[in-house]
Amino acid sequence: MELKGSVSKNMQEQKYVLVLGAGLMQRPSIEAVKNLGYKAFVVDGNPNALCVPFADRFEPIDLKDKERLAKLAQSLGTELAAVFTAGTDFSTTVSYIAERCSLPAHTYEAAQNASNKVRMRECFKRADVSSPSFQEIERAKITAFLAPDVFDAMQFPKVVKPVDNMGARGCRMIRSKQEFLPAVEDAVRASRTGRAILEDYMDGPEFSIDAIVYKNELTITGFADRHIFYPPYFIETGHTMPTNIAEEKRLELIGCFAKAVHALGLTCGAAKADIKYTDKGPMVGEIAARLSGGYMSGWTYPYAADFDLTEQALLVALDKEPQQLLLRRKPLPVSDAPFGIYEVDCIRTSAERAWISIPGKVACIYGTDYASAIPYTRNMLIRSTAGSSVVFPRNNVEKCGNSIAVSAQRALAVKAAEDSVASIVLRLEKNNSATDTFLSGESQKSERNFPPDAYQLTPEQRKLFKEFVSTAENIPQNMPVSKLIPPCLKECASTLKDYNHRTMSDSLALYDKICSAHPMLDGKKFWQAFMRGGLQALLYVTDCTVTYTRETKKR
């Protein structure tokens, strides 16, 4: 992997920027540091993190250890020009260091408001910012919520999440009393402080907003549609930028975001929102005191806007004027805002889509070269390789990879991103207990209907499919399966899509390409696996059948 940017010959005479985090999400930060002529002093608890080799200096320090990091920063003296992070959960550490070193940043108190979800909701409540009703849950006091007078009065659905984590870890919907205790216990376990927040569920489309707060003005630097699926979890399968929501509603959402930023006390640096438009209007999910992760601030927005957001945010942290931000932005007609509101808008569309896997262990991957060659595809970001254990995601760090496509036309960008994801095939190792459990359809009582089937049929389609499977004949050796689509599925075979944007017809055609030679297959098992896990399941069943056939012949 190469990073952009040139390194000065007088590198030793330059000042450092302390960058928190050395993962892929911090790559744009390291590039921005070098582009602006500074040295990147990178810290991360993982000495093997992806971007460690690109640091000018590196120290393996846990990002939660703010005291040690502050001492490190102070030891640099006048050599330290700024402290910065993007796409991590440690904006509070940035502000703590900045205060100790008299560097520009949001105040430590404001960063805490934006990191602790209970403090956040309390700030919103005092400032009359629209957000869900909430209650705090501590590990030692979970049983208090199970008292009959409390539990019987509880209305569902609810949402529970750790007070201090990101990436949707430990975050899920609670749809019934049966799901309450396991969900709350998971959320508390995912919290560094053993606390969770219980909220009313907000129903409505969700959006991500990035912005920079500078001299009492708020500049919007990215507004995207988020694509959230797979209840009871909230898995973002991608985002599309810019949004296509009506302009009147978009301005309402921006106004609500601005009030929320002001309520938290964020005054100097980046701010990021997850926000919904509900039947009651805009409601804030969360605000973070940093640039977004998930490829938005460092990839999709720069592609869509021809604008290096990370570099401009870093200039603010360096106490320098973000000239491109001020030159490119335009005022927005947002009424009753606590800031002057501006926007650097997009000139094209970026679409990011994730690919996911059924549970198991990856044996090999097909299609990466083809996917990369699809017109308008800009990046293929592969996270799972041969030998990786994979799960059906319960949070946003368990996905297998991402594709980013860019075009002047929204439809072309979206299609390219989805087509590239559909081209990637993760073939799983055979005889894996996790895969077998998934294909059996088992689910925990606290996760009803999760993980979902690859293809979601209507009740009538399910009835007809069940009847077909009960009498399904074996599939002859080497027979192309794309010619055998069950009659009950023909109507939806070219329209109904699985987790990775593959129609039934697409999946069966890919199977024929990968397995032109296959043994005789149990028809009932084959089609049940197809409905449950799509193409991956068909390959798995075939590989297990080959093993069984060979062993039988040996006997």
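A short reminder: the numbers here are calculations on the coordinates, not readings from a lab. None of these values were measured; they are calculated from a predicted model. As a convention, Cβ positions derive from the backbone with ideal geometry for all residues, glycine included, and neighbour counts pool all protein chains shown.
In this model, which of 361/497; 249/497; 161/430; 161/215; 177/430; 272/399 are farther than 26 Å apart at the alpha-carbon?
Exceeds cut-off: 249/497; 161/430; 161/215; 177/430.
Between rounded, prolate and oblate, where does the stretch 32-100 land on the alpha carbon gyration tensor, with a ≥ b ≥ c its root eigenvalues, rounded for a/c under 1.5, else prolate if a/b exceeds b/c?
Details: a/c = 1.44, a/b = 1.08, b/c = 1.33.
The shape class here is rounded.
Please state the relative contact order of the chain as a whole percent: Cα pairs under 8 Å, 6+ residues apart?
That works out to 11 percent.
Could you give the nm distance between label points at residue 15 and residue 147, where each point is 7 Å from its Cα heading toward the beta carbon?
It is 5.5 nm.
Hey, what did the stretch 453-554 get for relative contact order, percent, Cα under 8 Å, at least 6 apart?
That works out to 35 percent.
In the neighborhood of residue 91, defined by Cβ-to-Cβ distances under 10 Å, what is the net charge if each Lys or Arg adds +1 and each Asp or Glu adds -1? Walk me through the numbers on the way to the answer.
Values: positive: 272, 290; negative: 89.
Net of charged neighbours comes to +1.
What per residue convex hull volume, in Å³, do the alpha-carbon atoms of the stretch 350-428 yield?
74 Å³
Between the stretch 162-235 and the stretch 69-109, what's the alpha-carbon centroid distance in Å?
Using only Cα atoms to place each centre, the spacing works out to 26 Å.
Can you work out ³J(HN,Hα) from phi for every residue in the stretch 214-229, in order, using Karplus 6.51 cos²θ - 1.76 cosθ + 1.60 and θ = phi - 60°, giving whole Hz and x for Gly and Pro?
These are the phi-based 3J(HN,Hα) values: 8, 6, 6, 10, 10, 10, 6, 10, x, 9, 10, 6, 9, 10, 10, 9 Hz.
Which helices, counted as full DSSP H runs in the chain, have an axial Cα extent of no less than 30 Å and a Kyte-Doolittle average of -0.5 or above?
523-554
Given an 8 Å cut-off on Cα distances and at least 6 residues of separation, report the relative contact order of the stretch 298-414 as a percent.
27 percent
Expressed in nm to one decimal, what extension gain is obtained for the pair residue 215 and residue 368 from 0.36 nm per residue of sequence separation less their Cα-Cα distance?
Contour length minus the Cα-Cα distance gives 50.5 nm.
Helix-only estimate, please: 222 nm mean residue ellipticity of the chain, summing -39500 (n - 2.57) across DSSP H runs of length 4 or more and dividing by its residues, to the nearest 500.
Details: 17 runs with 185 residues, N = 555.
Taken over the chain, the calculation gives -10000 deg cm²/dmol.
Expressed as a whole number of Å, what is the distance separating the alpha-carbon centroids of the stretch 294-316 and the stretch 451-484?
Between the Cα centre of the stretch 451-484 and that of the stretch 294-316, the gap is 46 Å.
Please report the net charge: other residues with Cβ closer than 10 Å to the Cβ of residue 160, K and R +1, D and E -1.
Summing Lys and Arg as +1 and Asp and Glu as -1 gives -1.
Could you compute the FRET efficiency for residue 278 and residue 336, with r as their C-beta to C-beta distance and R0 at 22 Å, rounded to 0.05?
0.65
Using only the Cα atoms, what convex hull volume per residue in Å³ does the stretch 194-316 have?
Spelled out: Cα convex hull of the stretch 194-316, divided by residues, is 128 Å³.
Of [x] 20, 54, 24, 1, 0; [y] 18, 40, 25, 15, 2, 0; [z] 20, 51, 26, 3, 0, which one was derived for P(r) over Cα pairs in 20 Å bins from 0, in percent from the structure shown?
Recomputing P(r) over Cα pairs in 20 Å bins from 0, in percent here picks out [z].
Please give the Cα centre distance for the stretch 23-61 versus the stretch 343-402, rounded to the nearest Å.
Between the Cα centre of the stretch 23-61 and that of the stretch 343-402, the gap is 23 Å.
Which residues does the label zone of residue 443 cover in the stretch 512-540, counting backbone N under 19 Å from a point 7 Å along Cα→Cβ?
Counting only backbone N, you get 528-535, 537.
Could you line up 299, 355 from fewest to most neighbouring Cβ atoms inside 10 Å?
So the residues, fewest neighbours to most, are 299, 355.
Compute the signed sum of charges (Lys and Arg +1, Asp and Glu -1) over the other residues within less than 10 Å, Cβ to Cβ, of residue 59.
Around residue 59, the surrounding residues sum to +1.
Which FRET efficiency value, to the nearest 0.05, do you get for residue 429 and residue 463 by plugging their Cβ-Cβ distance into 1/(1 + (r/R0)^6) with R0 = 25 Å?
Taking R0 as 25 Å, the efficiency between residue 429 and residue 463 is 0.15.
Where the convex hull is taken over the Cα atoms of the stretch 1-142, what is its projected area averaged over directions, in nm²? Each step should come with its number before you reach the end.
Values: hull surface 43.6 nm².
If you wrap the Cα atoms of the stretch 1-142 in a convex hull and average its projections, you get 10.9 nm².
To make sure I understand the rule: partners must be lysines, Cα under 28 Å from the Cα of residue 490, and not fewer than 8 residues away in the same chain. Which ones qualify?
Filter leaves 415, 463, 466, 513, 524, 525.
Using +1 on the beta carbon of Lys and Arg, -1 on that of Asp and Glu, and nothing else charged, what's the dipole of the chain about the Cα centre, debye to 20?
With only Lys, Arg, Asp and Glu charged at Cβ, the dipole is about 1040 debye.
Compare the peptides 247-257, 282-292, 215-225 by average per-residue count of other Cβ atoms within 10 angstrom and give them in order, highest first.
282-292, 215-225, 247-257
State the extension gain, in nm to one decimal, for the chain segment bounded by residue 139 and residue 484, taking 0.36 nm per residue of separation less the distance between their alpha-carbons.
118.8 nm
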